[in-house]
Every structure is written in C-alpha cells, then in structure tokens.
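Asks: Structure incoming, see below.
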C-alpha cells in the first residue's frame with residue numbers, strides 16, 4: 001500500500017512542473033513574443049487542469065486546504081485570461097494580443113508564478129529538515145496514541161537513539177529513522193515531516 005505521507009513530495013513535484021511551464025510562458029510574454037499555441041493541449045508548455053487538480057488534492061491531504069483553494073483561484077484567473085487569448089488566436093491565425101491584453105495576461109501569469117514559488121517553499125522541506133528533527137520517546141508515543149511507558153518496553157526493538165540522554169535529559173531519536181519503525185510496529189501511516197507544533201529543535 002502506498003504511503004500517504006508521500007503526498008507532500010508528489011504535490012511538490014507537480015508544483016515544480018507548473019512553475020517551469022509558467023516561467024517559460026512568462027519569459028515569452030515579457031519578450032513580447034507570445035505563443036498562444038503554447039496553451040494548446042499537447043504542447044509541452046500546456047498547463048492542464050488535471051495537473052492543478054492533482055496538486056490541490058495532494059495539498060488537501062497534507063492539511064493545506066487554504067493553499068489548495070488559493071491554487072485553484074489562481075488557476076481560474078489564469079484560465080480566463082489564457083482562454084480569451086487562445087480563442088481569438090484560433091479564430092484568426094494572424095491575431096496578436098494587444099498591449100492591454102498582453103499586460104493583463106502577463107500580470108496573471110506573474111501572480112500565479114509568485115504564488116507557486118511561495119507554495120513550493122511550503123511543500124518542499126530543506127534537505128536537512130529531517131536530520132535535525134529530534135523527538136523524545138514521549139513525543140513518539142503521542143504520534144501512535146500510546147503511553148511513554150508502552151514505548152519504553154519496546155526500546156530494545158527500536159532504532160538506537162541519535163542523542164543519548166543523561167543528567168535528567170531524555171534520549172532523542174531522529175524522526176526520519178524512528179518513523180519507519182513506528183509505522184511497521186503500530187501499523188499506521190505517519191507524516192514524513194514531524195508536526196511543527198510538536199517539534200522541538202535541538203539545543204545549541
């Protein structure tokens with residue numbers, strides 16, 4: 001069975017694809033060399049509704065409902081502008097957008113692109129995020145709805161802690177190493193990124 005926690009990486013991948021297409025389209029428009037055919041289905045630059053819907057679905061799964069709604073809002077604005085230009089270009093092969101039409105489309109594309117850049121930062125963690133995410137036994141127990149004592153009995157089976165406790169300090173585990181063991185032991189999917197409200201960054 002697919003790991004639901006991989007949805008964030010899938011949404012990030014779709015968002016990167018949309019970003020690349022919008023950047024190319026924005027460059028064309030800024031150079032005043034619009035290519036309405038770039039919006040046609042089958043074009044490598046065509047932005048397809050199923051891509052946007054897929055990304056929105058992954059964002060919903062990640063608990064980012066407001067971002068999913070904003071994504072769909074930007075898509076609708078883009079679609080209105082792009083469809084207008086495309087319809088005219090289909091009716092008249094010699095058609096070139098006016099400066100006003102071009103400016104409106106450029107502004108819509110720029111707003112969409114800016115939002116996707118913001119969204120990419122939100123969905124794609126830095127490479128070292130998981131390495132510095134240390135969790136205690138009590139935090140790990142809360143993620144699987146068990147008591148700290150329940151996990152203490154399983155410590156011989158667990159991965160070794162990344163940081164040995166002592167002097168009143170608890171042992172700490174790297175979430176990226178402990179999560180797979182917890183998922184297998186308790187047969188439940190867990191988020192790839194430890195929830196921010198429970199994350200305690202390392203001291204020092």
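The values are calculated or read from the model by the stated rules, or taken from the named source; none is laboratory data. The structure presented is a predicted model; accordingly, all values stated were derived computationally and were not measured. Cβ sites come from the backbone with ideal geometry, for glycine too, and all protein chains shown count toward neighbours.
Asks: Return a yes/no flag: does the range 124-132 have any residue that is more than 15 Å from the chain's Cα centre (by Cα), at pLDDT 70 or above and under 30 Å from residue 172 (Cα atoms). Give the steps one after another, and end with the answer.
Replies: First, the residues of the range 124-132 that are more than 15 Å from the chain's Cα centre (by Cα): 128, 130-132.
Those left that are additionally at pLDDT 70 or above: none.
For the range 124-132, residues more than 15 Å from the chain's Cα centre (by Cα), at pLDDT 70 or above and under 30 Å from residue 172 (Cα atoms): absent.
Asks: Give the residue that is surrounded by the fewest Cβ atoms within 10 Å (Cβ to Cβ), with candidates limited to residues of the range 160-178 that are assigned to a helix (DSSP H, G or I) and in contact (Cβ under 8 Å) with a residue 24 or more places away in the chain. Step through it out loud before you land on a result.
Replies: First pass over the range 160-178, keeping only residues assigned to a helix (DSSP H, G or I): 175-178.
Next, only the ones that are in contact (Cβ under 8 Å) with a residue 24 or more places away in the chain stay: 175-176, 178.
Numbers: 175: 27, 176: 16, 178: 25.
Checked the range 160-178; the qualifying residue surrounded by the fewest Cβ atoms within 10 Å (Cβ to Cβ) is 176.
Asks: Then there's this: Considering (1) modelled with pLDDT of 80 or more; (2) buried (at least 16 other Cβ atoms within 10 Å of the Cβ), say which one residue 145 fails and leave the rest.
Replies: So the condition that residue 145 fails would be (2).
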